[in-house]
Each structure stands twice: as C-alpha cells, then as structure tokens.
1. Is it the case that some residue within the range 25-40 is of a type in the set (Gly, Ala, Ser), more than 16 Å from Gly60 (Cβ to Cβ) and in contact (Cβ under 8 Å) with a residue 60 or more places away in the chain?
2. Which residues, taken from the range 36-57, are within 17 Å of Lys72 (Cβ to Cβ) and assigned to a loop (DSSP other than H, G, I, E, B)?
3. Any residue in the range 45-62 that is at negative phi and β-branched (Val, Ile, Thr) sitting within a Cβ distance under 9 Å of a residue that is assigned to a loop (DSSP other than H, G, I, E, B) and surrounded by 15 or more Cβ atoms within 10 Å (Cβ to Cβ)? List the pairs, counting only those 6 or more apart or interchain.
4. Look at the range 13-35 and say how many of its residues are closer than 19 Å to Asn75 by Cα, in contact with a Phe, Trp or Tyr (Cβ under 7 Å, 6 or more places away or on another chain) and surrounded by 15 or more Cβ atoms within 10 Å (Cβ to Cβ).
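We did not get these values from a lab; they are worked out from the coordinates using the rules stated. Everything numeric in this text was worked out from a predicted model, so none of it was measured. All Cβ positions, glycine included, derive from the backbone under ideal geometry; neighbour counts span all protein chains shown.
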Amino acid sequence: MVIGACKITIRFAEVGSLKGKRQILRKIIARTQQRFNIAIAETAHNDEWKRSEIGFASVGNETGFVNSSVDKTINYIDSLQLAEIIHTEIEIIHL
C-alpha cells in the first residue's frame, strides 16, 4: 500500500473576514473532493482569515499512481484560482 499525503498552505488575497475565507475554503474542499474522491480537510490556521492549510491523502498500490494523483490534485486546486498556493509539502509513505 502506498499513501500520498500533502499539506498545502494557501493565501486568500481578496477576503476580509473569516466568513469569506470559509466560503472559499468550502468551495475548494468540496470541488476537489468531488473530482478526486480523496480525504481532504482544513488542518491549520483556522482562525486566520488571510491564510489556511489544507491536508489531503491519496491511497493506491503503485507509487507512480499516487504521486500523479497528488500532483493532479495540487494542480487542480491551483487552477480553481480561488486562493494562492504559497507552499506545498508532499510525503509518499510505503506500508
């Protein structure tokens, strides 16, 4: 079993409140989860309205597939253009 885990730190340039941030974050999480069928959630910076951290995981039986899935997910989140990705951290775990 191969697990791909990723943390993405994102910045919200055009929001002025936690409510605005959470609306955008819900869109990002819902669209990404629907498209890729992955486990995804906000994992840090819950009370900051200018940035957030999203964590997600993908599971498979081949390293190449999992790595590709993680890369496609990052690219998709970036293509939504709802927030700016400022940092990504990827870990591939073999069990």
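1. Within the range 25-40 (the criterion being of a type in the set (Gly, Ala, Ser), more than 16 Å from Gly60 (Cβ to Cβ) and in contact (Cβ under 8 Å) with a residue 60 or more places away in the chain), the answer is no, since none of the residues qualifies.
2. Asn37, Ile38 - these are the residues of the range 36-57 that are within 17 Å of Lys72 (Cβ to Cβ) and assigned to a loop (DSSP other than H, G, I, E, B).
3. Note: pairs meeting the criteria are Val59/Ile38.
4. Qualifying residue count for the region: 2.
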